[in-house]
Ligand SMILES: Cc1ncc(C[n+]2csc(CCOP(=O)(O)OP(=O)(O)O)c2C)c(N)n1
Ligand SMILES: [Mg+2]
């Protein structure tokens with residue numbers, strides 16, 4: 001089992017870079033959406049970075065992830081190209097999905113990113129399918145299903161627990177519990193516990209502090225190792241916080257005015273990561289500061305590229321309609 005603080009300097013830097021790029025990417029999307037430059041609907045992952053990165057650090061391109069409507073962080077964590085993502089979010093022709101998907105449908109199958117998904121809970125059966133494929137073909141791959149506390153109430157998710165168990169699939173359910181489904185508190189809407197639900201299907205589970213990259217990394221490592229070794233599915237109940245509203249434009253009247261400032265000041269996974277590695281003398285603050293600056297510049301570069309990129313043409317409407325096998 002890998003404990004996070006035993007990661008090499010190279011791995012720690014890679015983890016921080018991915019988390020910081022997600023944050024700056026989301027901050028840039030927030031700005032651009034507020035300015036009216038982005039079409040459609042956007043849900044930001046800021047505040048939840050340690051989950052996506054803590055899990056995906058254990059994965060490679062043979063592994064698959066199914067994401068949610070809040071999918072930008074999962075994409076970056078799984079290695080999708082940030083510029084291609086930004087072009088997609090701006091609806092540009094050279095976006096990762098030809099500008100036809102936008103924020104809620106970004107996918108890159110070459111990276112095992114099966115797609116963000118506008119249908120809550122719909123990623124779970126897809127992740128089961130990917131896991132069954134990996135098992136049948138003997139690729140050694142695992143499949144991860146990211147989903148929210150709201151999605152955990154969907155029948156498709158519960159049916160997927162059962163399929164994963166009876167087929168002994170190499171997969172991990174990652175319940176990202178940010179306390180809300182839109183404006184509904186999970187303390188009100190979720191009966192029982194995430195762990196108890198998984199255990200009811202014979203699936204082992206762990207609760208994880210999603211503000212702590214090292215806790216997520218360690219728990220995910222154990223679950224993924226079990227899945228790869230033929231030990232079947234597990235569930236991680238990751239408690240985390242979203243810095244923004246449910247969607248961009250959400251007035252958040254259902255949250256106490258002090259809630260987000262408290263979270264940003266005390267429960268920011270990036271700040272907590274910095275404190276841990278600086279205190280342990282693993283990475284100097286100046287190196288982390290340099291990554292922060294590079295990430296801001298990288299996000300700005302992606303926005304600039306997206307604004308300059310061409311839109312799809314009318315003829316593009318007729319492509320990507322059918323898939324040929
Ligand atoms: C099947 C379905 N039902 C309802 C919706 C509307 N909807 C979109 S996001 C959302 C809340 C999801 O909450 P959660 O799963 O906790 O994810 P979070 O937004 O907190 O990341 C709902 C109800 C939907 N998109 N699909
Ligand atoms: Mg939620």
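Bear in mind these aren't lab numbers, they're just calculated from the coordinates by the rules spelled out. Values in this document were obtained by computation on a predicted structure and should not be read as measured data. All Cβ positions, glycine included, derive from the backbone under ideal geometry; neighbour counts span all protein chains shown.
When you scan the range 104-119, do you find a residue that is surrounded by fewer than 18 Cβ atoms within 10 Å (Cβ to Cβ), touching a residue at least 24 places away in the same chain (Cβ under 8 Å), within 16 Å of ligand 1 (Cβ to nearest atom) and not in a helix (DSSP H, G or I), even just one? Within the range 104-119 (the criterion being surrounded by fewer than 18 Cβ atoms within 10 Å (Cβ to Cβ), touching a residue at least 24 places away in the same chain (Cβ under 8 Å), within 16 Å of ligand 1 (Cβ to nearest atom) and not in a helix (DSSP H, G or I)), the answer is yes, since at least one residue qualifies.
Tell me, yes or no, whether the range 201-221 has at least one residue that is closer than 18 Å to residue 126 by Cα and touching a strand residue (DSSP E or B) at 6+ places or on another chain (Cβ under 9 Å). Within the range 201-221, not a single residue is closer than 18 Å to residue 126 by Cα and touching a strand residue (DSSP E or B) at 6+ places or on another chain (Cβ under 9 Å). Residues that are in contact with a strand residue (DSSP E or B) (Cβ under 6 Å, 6 or more places away or on another chain) and within 12 Å of residue 232 (Cβ to Cβ) within the range 165-181 comprise 171, 172, 173, listed in sequence order. Counting only strands (runs of 3 or more DSSP E) that sit wholly inside the range 134-218, those with at least 1 residues that are away from ligand 2 (no atom under 16 Å from the Cβ), more than 16 Å from the chain's Cα centre (by Cα) and touching a residue at least 24 places away in the same chain (Cβ under 8 Å) are 205-209. Restricting the range 120-129 to residues that are part of a helix (DSSP H, G or I) and surrounded by fewer than 24 Cβ atoms within 10 Å (Cβ to Cβ) leaves a set whose member that is farthest from the chain's Cα centre (by Cα) is 129.
Set side by side, the residues 178, 241 differ, and just one is buried (at least 20 other Cβ atoms within 10 Å of the Cβ), over 17 Å from residue 145 (Cα atoms) and within 16 Å of ligand 1 (Cβ to nearest atom), which is 241.
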